[in-house]
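The values are calculated or read from the model by the stated rules, or taken from the named source; none is laboratory data. Computed from a predicted model, the values in this text were never measured in an experiment. Neighbour counts are summed over all protein chains in view; Cβ atoms, including those assigned to glycine, are modelled from backbone coordinates with ideal geometry.
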Amino acid sequence: MSDAPALTRAAPPVAVGQPLIRLRGVTKVYGTGEVALLALKGIDLTIAAGEFVAIMGPSGSGKSTAMNILGCLDTPTAGQYLFLGAHVESLSRDRLARLRRRYLGFVFQGFNLLARTSAQENVELPLVYRGEGAAARHAAAAKALRSVGLGGWEHHTPAELSGGQQQRVAIARAIVTEPAVLLADEPTGNLDTRRSQEIMDLLRGLNTDHGITVLMVTHEPDMAAYARRLVHFIDGRIDSDVLNPHPVEPGLPAGQAR
Amino acid sequence: MLLNSLWLALRSIRRNLLRSFLTILGIVIGVSAVITMVTLGKGATQAVQTQIAGLGSNLLMVRTGQRQGHGGGAGAPAFKEADAAAILAELGGVAAAAPEGRTNVTVVGNGRNWATNVTGSTNAWFTTGNWKLASGRTFEAEDQSVGGAVCIVGETVRREIFGGAVGAGGLGAQLRIKQFSCEVIGVLASKGQAAMGNDQDDVVLVPLHTLQRRVTGTQSVATLLVSMQEGTDSTRLKASLTQLLRERRKLTAGDDDNFNVLDTQQLAETLSGTTQVMTTLLGAVAAVSLLVGGIGIMNIMLVSVTERTREIGLRLAIGALEREVLLQFLIEAVVLAALGGIVGIVIATGASIALASVMGVPYLFDPTINLLSFLFSAGIGVLFGYFPARRAARMDPIEALRHE
Ligand SMILES: Nc1ncnc2c1ncn2[C@@H]1O[C@H](COP(=O)(O)OP(=O)(O)O)[C@@H](O)[C@H]1O
Ligand SMILES: [Mg+2]
């Protein structure tokens with residue numbers, strides 16, 4: 001691996017413990033006038049580099065809305081969002097895109113892989129937008145696929161992969177850029193328990209072994225149990241924000257940690 | 001960024017092979033149909049014009065029968081040789097008047113057969129038909145009066161029977177027409193390209209009496225060819241010609257004409273008018289196929305718009321800039337449209353050349369119609385390929401990602 005071409009445009013490393021994300025009084029309103037809907041009613045949240053945070057809460061409580069703002073896919077209606085000290089809420093679309101491609105990786109509930117496209121090419125995609133050369137792209141994608149346990153599956157298309165494998169390709173795509181933060185909105189929502197646990201093991205490994213900050217939305221307590229910090233949303237507000245004293249340990253099935 | 005977008009566009013084309021193929025197909029069908037139709041139409045128009053120009057522009061053709069194309073004059077009495085002489089002698093403004101008879105015969109010479117048209121007439125036929133000799137001589141007075149065994153061949157007959165030098169081979173040789181043999185005393189100068197399967201050079205000319213006595217065995221004359229002097233008023237000549245023939249054919253005031261006079265000038269205008277209408281019509285039909293091709297492209301693009309919108313959402317989410325996505329889809333649309341247009345032009349050119357030779361019309365390359373149909377189809381491709389993508393690229397990434 002050492003002689004493979006290195007990524008030329010990877011994100012500058014962020015030291016563990018350094019404040020990474022700070023939300024202050026963030027609100028989000030969907031629509032205007034009579035149909036206006038207040039999805040976030042004032043969120044304050046600080047996340048340091050290296051954390052593993054699970055965001056929980058009932059359906060419609062604003063988890064996805066908060067994730068989209070955290071992932072710079074959407075901007076708050078009011079309030080402040082500081083990412084590494086920079087004010088995200090005032091950035092243009094292009095600046096947001098550059099921030100995403102530099103620091104963030106996304107995993108979606110629906111995998112969102114390009115159809116009829118090999119795993120290898122799917123994983124290479126973010127590097128194309130970073131302007132990486134073909135050789136570096138190739139090496140980085142192969143490495144990312146190996147790190148999610150899909151070495152040898154490079155040339156399979158999504159249709160030829162199981163749901164769990166597809167989600168692992170999506171994770172490889174999210175981490176191939178060596179992001180500072182990995183955001184996952186219900187990454188196990190479409191998977192059975194066994195596959196879900198494999199995905200969670202992967203996320204935990206990325207967090208502990210690679211120092212990637214992981215933000216994950218889930219409504220399954222078994223999955224949230226892998227995180228070291230649990231944030232509960234209710235009705236557009238943070239209801240509780242607690243540390244998980246006993247995250248699931250490697251090798252132990254979920255549910256036995258408590 | 002351009003290179004990246006080009007690479008991504010080509011990837012996307014390869015990845016969506018069926019969609020790309022159908023898009024190209026839609027454009028190919030539209031472009032090739034329009035170009036082929038219009039090219040053939042223009043070729044046909046030109047063929048008709050060439051053929052009519054070959055007839056001579058100051059010609060009146062008189063045939064038996066009431067109207068043109070009305071049973072070929074069956075029942076109506078034929079003309080006589082003397083009618084032609086009378087026309088020349090009695091009417092002013094006539095340059096030449098030739099009686100003409102025709103029959104289809106297989107001629108034999110040089111060990112070969114050739115089915116052709118044997119025409120009997122006088123030397124006036126050269127004037128009325130705008131014919132020149134490539135070599136040899138015209139008929140002597142004696143050939144004409146006694147029906148001598150001489151003939152003058154058109155270039156096609158000469159080539160098929162005798163071969164040899166263009167315009168000269170076969171001169172002096174014998175040609176058998178039914179029961180008798182004639183000496184080839186001349187070769188007609190070619191009128192050029194055969195038009196619409198009607199080859200004017202496919203003819204053997206013999207003296208009128210030779211045709212009457214040795215081939216058909218009748219005295220009748222089917223057609224009178226009258227060529228006018230320069231500056232003659234064709235309407236007035238037609239009127240006096242009609243009057244003369246009515247007298248000679250002993251028609252009384254109440255009888256209808258049992259012959260008809262055709263003015264080639266008029267014929268030329270009518271015919272080229274008709275082929276132009278036909279070209280326009282063909283063009284319109286073909287334009288419909290261009291439109292149908294366009295609708296096909298639109299359908300394909302709209303069917304895939306959900307997938308494309310989600311894909312664009314994903315690209316934006318993982319950090320693509322709006323303009324990068326737009327450039328990629330623009331390049332994709334342009335590449336597909338251009339490819340379809342080029343293939344369409346190539347197919348149209350091949351089909352036009354092949355069909356033109358089958359139909360016996362000239363192939364005329366028309367840059368305007370090639371360019372126009374190319375631009376139109378490319379426009380459709382870009383319109384339906386690029387604009388849905390543009391809409392998606394302007395959405396919020398998360399909205400595009402969730403598009404249903
Ligand atoms: N794009 C949108 N437009 C309008 N309302 C929305 C939109 N997205 C979410 N909402 C509304 O905002 C509220 C919070 O939604 P969401 O953040 O998706 O909740 P969760 O992910 O916790 O289920 C819900 O009432 C939802 O209907
Ligand atoms: Mg949600």
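Computed quantities for the displayed model
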quantity: Any pair with Cβ under 9 angstrom, 6 or more apart, that starts in region A:52-64 at a residue that is within 14 Å of chain B (Cβ to nearest Cβ) and ends at one that is among the β-branched types (Val, Ile, Thr) and near ligand 2 (Cβ under 9 Å from one of its atoms); calculated: A:LYS63/A:VAL217; A:SER64/A:VAL217
quantity: Single residue of A:ASP201, A:ASP209 found to be away from ligand 1 (no atom under 16 Å from the Cβ), free of Cβ contacts under 8 Å to residues at least 12 places away in the same chain and more than 14 Å from chain B (Cβ to nearest Cβ); calculated: A:ASP209
quantity: Close pairs from region A:235-258: first polar (S, T, N, Q), partner part of a strand (DSSP E or B) and modelled with pLDDT of 90 or more, Cβ under 7 Å, at least 6 apart; calculated: A:SER240/A:HIS232; A:ASN244/A:ARG229; A:ASN244/A:LEU230
quantity: Candidates A:GLY71, A:GLY131, A:GLY110 - the one that is facing chain B (nearest Cβ under 10 Å), surrounded by fewer than 18 Cβ atoms within 10 Å (Cβ to Cβ) and within 16 Å of ligand 2 (Cβ to nearest atom); calculated: A:GLY110
quantity: Boolean, A:ALA54 is surrounded by 21 or more Cβ atoms within 10 Å (Cβ to Cβ) and in a strand (DSSP E or B); calculated: yes
quantity: Unmet criterion (only one of (1) within 16 Å of ligand 1 (Cβ to nearest atom); (2) under 20 Å from A:VAL123 (Cβ atoms); (3) touching a Pro at 6+ places or on another chain (Cβ under 9 Å)) for A:HIS219; calculated: (2)
quantity: Enumerated strands (runs of 3 or more DSSP E) restricted to region B:93-159, each holding at least 2 residues that are among the β-branched types (Val, Ile, Thr) and either outside the structural domain of B:LEU205 (by TED's automatic domain parsing) or out of contact with any Ser or Thr (no Cβ under 6 Å at 6 or more places or on another chain) (or both); calculated: B:94-109, B:112-121, B:150-153
quantity: Sole residue being within 16 Å of ligand 1 (Cβ to nearest atom), at pLDDT below 95 and not acidic (Asp, Glu), chosen from A:GLY133, A:GLY149, A:GLY110; calculated: A:GLY110
quantity: Test: residue in region A:118-128 that is in contact (Cβ under 8 Å) with a residue 60 or more places away in the chain and within 11 Å of another protein chain (Cβ to nearest Cβ); calculated: yes
quantity: Region A:222-233 residues that are within 16 Å of A:ASP44 (Cβ to Cβ), paired with ones that are surrounded by fewer than 18 Cβ atoms within 10 Å (Cβ to Cβ) and charged (D, E, K, R) (beta carbon under 6 Å, 6 or more apart); calculated: A:VAL231/A:ASP241; A:HIS232/A:ASP239
quantity: Any chance A:THR188 is modelled with pLDDT under 95, away from chain B (no Cβ under 14 Å) and within 16 Å of ligand 1 (Cβ to nearest atom); calculated: yes
quantity: Residue in region A:54-63 that is away from ligand 1 (no atom under 15 Å from the Cβ), modelled with pLDDT of 95 or more and closer than 24 Å to A:VAL248 by Cα present; calculated: no
quantity: Single residue of region A:74-107 satisfying the filter (within 14 Å of ligand 1 (Cβ to nearest atom) and polar (S, T, N, Q)) that is nearest to the other protein chains (Cβ to nearest Cβ); calculated: A:THR75
quantity: Test: residue in region B:226-243 that is under 16 Å from B:SER121 (Cβ atoms) and in a loop (DSSP other than H, G, I, E, B); calculated: no
quantity: Cβ-Cβ under 7 Å pairs, at least 6 apart or on other chains, region A:172-185 side within 12 Å of chain B (Cβ to nearest Cβ), far side assigned to a loop (DSSP other than H, G, I, E, B) and among the polar types (S, T, N, Q); calculated: A:ASP185/A:GLN109
quantity: Positions within region B:1-46 being under 17 Å from B:VAL277 (Cβ atoms) and either out of contact with any helix residue (DSSP H, G or I) (no Cβ under 8 Å at 6 or more places or on another chain) or not in a helix (DSSP H, G or I) (or both), in sequence order; calculated: B:GLN46
quantity: Restricting region A:153-190 to residues that are within 16 Å of ligand 2 (Cβ to nearest atom) and among the hydrophobic types (A, V, I, L, M, F, W, C), the residue that is surrounded by the most Cβ atoms within 10 Å (Cβ to Cβ); calculated: A:ALA184
quantity: Residue within region B:236-258 that is small (Gly, Ala, Ser) and under 31 Å from the mean Cα position of the chain (by Cα) present; calculated: no
quantity: Boolean, B:LEU205 is part of a strand (DSSP E or B) and closer than 18 Å to B:SER145 by Cα; calculated: yes
quantity: Count of region A:20-32 residues which are more than 17 Å from the chain's Cα centre (by Cα) and either modelled with pLDDT under 95 or within 14 Å of ligand 1 (Cβ to nearest atom) (or both); calculated: 7
quantity: Candidate set: region A:33-51, residues that are closer than 24 Å to A:THR208 by Cβ and outside any loop (DSSP other than H, G, I, E, B); chosen: the one nearest to ligand 1 (Cβ to nearest atom); calculated: A:LEU45
quantity: Hey, A:ALA115 among the aliphatic types (A, V, I, L, M) and in contact with an Asp or Glu (Cβ under 6 Å, 6 or more places away or on another chain) or not; calculated: no
quantity: Number of the exception - A:HIS210 against (1) within 16 Å of ligand 2 (Cβ to nearest atom); (2) surrounded by fewer than 23 Cβ atoms within 10 Å (Cβ to Cβ); calculated: (1)
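Conditions (1) buried (at least 19 other Cβ atoms within 10 Å of the Cβ); (2) acidic (Asp, Glu), marked per residue:
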| site | (1), (2) |
| --- | --- |
| B:ASN110 | no, no |
| B:VAL118 | yes, no |
| B:LEU133 | no, no |
| B:THR138 | no, no |
| B:GLU142 | no, yes |
| B:VAL153 | yes, no |
